[in-house]
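> Structure incoming, see below.
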Ligand code: SF4
């Protein structure tokens, strides 16, 4: 039996971040001053955690430590960061470290909360990685529209420049606020002076990234985990999470939850239901949960409710926790209509440079829209399946595949609803509310 405990909940009003902890009594990334205190100062950060773990360590020692800790990327790819370090360190050229703090997933707030409250933890991790690979520069990729995040980082960088003159130079780089602009190859391209659009390449950024230099690029949360592993060791690090994915994990709760946008740090074994209940609970019974982002998977409410909230365990069931989004859909909502809205939005977020995005995604969005409106026939459903299969694995990035996955999982999870729509019967949904923060995202980004 799991026993989620809550040791910190930030206030939920006045745009202050709300966060909690599930599965254990002690937070890791989010431990320290509560949300009302705002970004933690460098002085407080050092007083609380002690000196950064990379100080006084050789690069090979650091790489071994990161390898032993088993830190996986927390941006969606779940790739072992140690492999990026090893490749960047052994490739010709001076490496560069890139912290991807762009958080392009509209409903996700975990990086905003982490960077907004614990900027020095993220920057410590970036410096540890820079030391491990011999990088001479740290670039922090952000969206200027995320003002709280940028202010927190600017202040943190200034504090570090004043008190740590030997630190690797770090600076913010403002990227466009588009969904695919945060994709790894798009970030590399933009930081190299090109457009923030993905590009297929035979080489990973660690081998040839920003201006063809070896580049360690990972999500902000990943660096914060590296900072903790470097400070407290691989054994301590593995005491949280699971053997398949050591360390805690940040997730964002969205949709029909008591406090949409709450960020939860999952430290120990817990289920979706325990994490949701620990952080305010639900507003209504859940029909389904969208896991991993807008290009994630829908899980039926009863399945999701008892499922372990663990990257590795979910991965075994073919579900990726990805960016850590957990969006709840209440019983009276229509999953087909919500998916249609999501796909319409995603179809408008492409770089428009590959066939599957230029032709396939708009066609899928249009058919899903017709289905949601009760105007589609059974043959249209077959066509949606065919189109979803045809865009999968194509294009210069994973965007078409991600859309295909969310579409297929919706048709499967909401099969009952699907039949109603095809028969032209009234959908049981109230149709009034917007359970996912898509409308807000559209308003703020388009
Ligand atoms: S697959 Fe789509 S999103 Fe990815 S690069 Fe091509 S057009 Fe852009």
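Read-outs: derived from the displayed coordinates by stated rules, not from any lab. Given the structure is predicted, the values throughout are model-derived calculations rather than measurements. Because the Cβ atoms are built from the backbone with ideal geometry, glycine has one as well, and the counts that use them run over all protein chains shown.
> Per the helix-only calculation at 222 nm, which mean residue ellipticity applies to the chain, given -39500 (n - 2.57) for every DSSP H run of n ≥ 4 and division by its residues, nearest 500 deg cm²/dmol? Walk me through the intermediate numbers first.
On the way: 17 runs with 184 residues, N = 446.
Result for the chain: -12500 deg cm²/dmol, rounded to the nearest 500.
> Helix 147-163 sits at what angle to the longest principal axis of the chain, using alpha carbons and giving 0 to 90 degrees rounded to 10?
10 degrees
> Specify the inter-centroid distance of region 208-238 and region 284-308, based on alpha-carbon positions, in whole Å.
Centre-to-centre distance over Cα atoms comes out at 29 Å.
> State the antiparallel share, in %, of DSSP beta bridges confined to the chain, rounding to the nearest 5. Could you put the intermediate results ahead of the total?
Values: 19 of 41 bridges.
Bridges in the chain are about 45 percent antiparallel.
> Calculate how large, on average over all directions, the projected area of the Cα convex hull of region 344-427 is; give the answer in nm² to one decimal. Let's see the in-between values first.
On the way: hull surface 19.4 nm².
It is 4.8 nm².
> Per q in 0.18, 0.26, 0.31 1/Å, what log10 I(q)/I(0) does a Debye calculation on the alpha-carbon atoms of region 37-85 return?
With one equal scatterer per Cα and no solvent, log10 I(q)/I(0) is -0.77, -0.90, -1.01.
> Percent relative contact order of region 351-406, based on C-alpha pairs within less than 8 angstrom and at least six residues apart? Walk me through the intermediate numbers first.
Details: 46 pairs, mean separation 20.7, N = 56.
For region 351-406, the relative contact order is 37 percent.
> Show me the ranking of peptides 311-320, 74-83 by mean Cβ neighbours inside 10 Å, starting with the highest. Provide the component values of the computation, followed by the final result.
On the way: 311-320: 16.6, 74-83: 20.5.
Those peptides, ordered most packed to least, come out 74-83, 311-320.
> Also, quick follow-up: How would you rank 282-288, 209-215, 250-256, highest first, on the average number of other Cβ atoms within 10 Å across their residues?
Details: 282-288: 19.1, 209-215: 22.1, 250-256: 25.6.
Highest mean packing first, the order is 250-256, 209-215, 282-288.
> Looking at region 19-242 only, what percent of DSSP beta bridges run antiparallel? Nearest 5 please. Walk me through the numbers before you get to the answer.
Values: 1 of 15 bridges.
In region 19-242, approximately 5 percent of DSSP beta bridges are antiparallel ones.
> Where does the chain land on Rg/Rh, using Cα atoms and the Kirkwood Rh?
On the way: Rg = 21.4 Å, Rh = 22.1 Å.
Result for the chain is an Rg/Rh of 0.97.
> Work out how much length residue 394 to residue 147 would gain on full extension: take 0.36 nm times their residue separation and subtract the Cα-Cα distance, in nm to one decimal.
Details: separation 247, 0.36 × 247 = 88.92 nm, distance 3.50 nm.
Computed gain between residue 394 and residue 147 is 85.4 nm.
> Of 42, 141, 223, which has the largest mean-square fluctuation in a 10 Å C-alpha GNM of the chain?
Its mean-square fluctuation being the largest, the pick is 42.
> If the elastic network links every pair of Cα atoms under 10 Å, which of 369, 56, 292 fluctuates the most in the Gaussian network model of the chain?
56
> Something else now. What relative contact order, as a whole-number percentage, does the chain give when Cα pairs under 8 Å and 6 or more residues apart are counted?
17 percent
> Order these peptides, 265-272, 417-424, 321-328, by their mean beta-carbon neighbour count within 10 angstrom, highest first.
Numbers: 265-272: 23.6, 417-424: 16.9, 321-328: 26.8.
Order by mean packing, descending: 321-328, 265-272, 417-424.
> Give the relative contact order (percent, whole number) for region 335-429; include only Cα pairs under 8 Å separated by 6+ residues. Intermediate values should be presented prior to the final figure.
Numbers: 114 pairs, mean separation 32.3, N = 95.
Here the relative contact order equals 34 percent.
> To test your reading of the geometry: what angle, between 0 and 90 degrees and rounded to tens, separates the Cα axis of helix 220-237 from the longest principal axis of the chain?
The two axes meet at around 60 degrees.
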